[in-house]
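Reading through the structure tokens given below for one structure.
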Amino acid sequence: MGCSNPAGNIEIVPLKVSYGQYECSTVTATADVASSHNNDYFRLYNANDVTSFYVWMNVGGAGVDPAPGGTGIAVAFAVNATASTVAAAISAAIDAFTGGHFSSSNVAGSADVCICNMQPGPSTDVASGVGLTGFVYAVDTQGSYTNLGFCDGDIEQQFEVASLEVKAHQTGNAILTNIIQSTTFKLDLALLESTSAQFKLLFSQVGTVGTPTGGTLEVVGVGSASNGRNLINLAGKLVLHPYNLVDADESGDYAVWLASLIPSSIVHSGDNPKIVNVSFTGYYDDTRQTGYNQFVKGPHTQAGNFKA
């Protein structure tokens, strides 16, 4: 028919649910001594190793791009710069780099640079390239991205808006307006698949995965060691993708940048499949633009990645 029918807007949209961690690393810098860092570099990789980068030092403006292969990020600082100055320059150069592959931070006076990928997924660990004597490289969080598998029942996204009712003496109980104070994203999910790898993921934020002291086999545990744990530091990206669309088509996706993953119950049955119920809570991600820093619907891996 040539004219649209309202009934044509009705959809049944099953979703694929994926969840992943951002790779985060710490690079500890050392001081430059008489241009000792000039033209030296270390290696950095974005999510899924789509692109390799080299972060090279341009000391006192006398540096020459070493061009070892990959995409270069130049870091400028003065001759004999202190370790904290070098670290601050590295952080600023990475954070200013266009394309939104990484976010970076450095506490004033510290020689440590925290570097996080802006998308989840495994990547080659940060590593030395050439030179930079004394630099230390450590991975704080390994990147990952996992399809959570088949789900039971409907998938309901919950959006809560907290607002303040504004009233006035002159108008009594009449509500003059409401002022938004916060927004919250929540999602409860019933998972039908329960592989060993998935079980480890589901309990990774509230529990411990490892081999106990004196033991030889890995277990998943929950105990008092988790008390006081700050979940936003462990949160990952949650993506809901229409099952009938190819992965590259993100037009119907919902993406939550930082979501904690909490298992709430495990249902065992002699008649029905085992179900693991989990809950996600979304947080604000300060590395993203404020208009989109909790969740987005649509292309969420586009250039820039909504970087602040």
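Values quoted throughout were computed directly from the atomic coordinates according to the rules given, and no laboratory measurement underlies them. Because the structure is a prediction, the values reported are computed rather than measured. Using ideal geometry, Cβ is built from the backbone for each residue, glycine included, and neighbour counts are taken over all protein chains shown.
State whether one or more residues within region 295-303 are more than 22 Å from ILE155 (Cβ to Cβ) and either assigned to a loop (DSSP other than H, G, I, E, B) or of a type in the set (Val, Ile, Thr) (or both). Walk me through it before giving the result.
Of the residues in region 295-303, the ones more than 22 Å from ILE155 (Cβ to Cβ) are 302-303.
Among the residues that remain, those that are also either assigned to a loop (DSSP other than H, G, I, E, B) or of a type in the set (Val, Ile, Thr) (or both) are: 302-303.
Yes.
State all residues of region 23-32 that are buried (at least 18 other Cβ atoms within 10 Å of the Cβ) and in a loop (DSSP other than H, G, I, E, B); if no residue qualifies, say none.
The answer is GLU23, ALA29, ASP32.
State all residues of region 69-117 that are touching a helix residue (DSSP H, G or I) at 6+ places or on another chain (Cβ under 7 Å) and among the aromatic types (Phe, Trp, Tyr); if no residue qualifies, say none.
PHE77, PHE102
Based on what the data block shows, is SER110 buried (at least 22 other Cβ atoms within 10 Å of the Cβ) and part of a loop (DSSP other than H, G, I, E, B)? Step through it out loud before you land on a result.
Numbers: buried (at least 22 other Cβ atoms within 10 Å of the Cβ): no; part of a loop (DSSP other than H, G, I, E, B): yes.
Against the criterion (buried (at least 22 other Cβ atoms within 10 Å of the Cβ) and part of a loop (DSSP other than H, G, I, E, B)), SER110 does not qualify.
Within region 113-221, which strands (runs of 3 or more DSSP E) (wholly inside it) include 3 or more residues that are on the phi < 0 side of the Ramachandran plot and either surrounded by 13 or more Cβ atoms within 10 Å (Cβ to Cβ) or in contact with a strand residue (DSSP E or B) (Cβ under 7 Å, 6 or more places away or on another chain) (or both)?
Numbers: elements: 127-130, 136-141, 156-166, 177-191, 208-210, 219-221.
Result: 127-130, 136-141, 156-166, 177-191.
Could you look through region 96-115, keep only residues that are of a type outside the set (S, T, N, Q) and under 16 Å from PHE42 (Cβ atoms), and pick out the one that is farthest from the chain's Cα centre (by Cα)?
Here is the first cut: in region 96-115, the residues of a type outside the set (S, T, N, Q) are 96-97, 99-102, 107-109, 111-115.
Narrowing the set further to residues that are under 16 Å from PHE42 (Cβ atoms) leaves 97, 101-102, 111-115.
Numbers: PHE97: 18, HIS101: 11, PHE102: 10, ALA111: 23, ASP112: 20, VAL113: 17, CYS114: 13, ILE115: 11 Å.
Looking at the filtered set, the residue picked out is ALA111.
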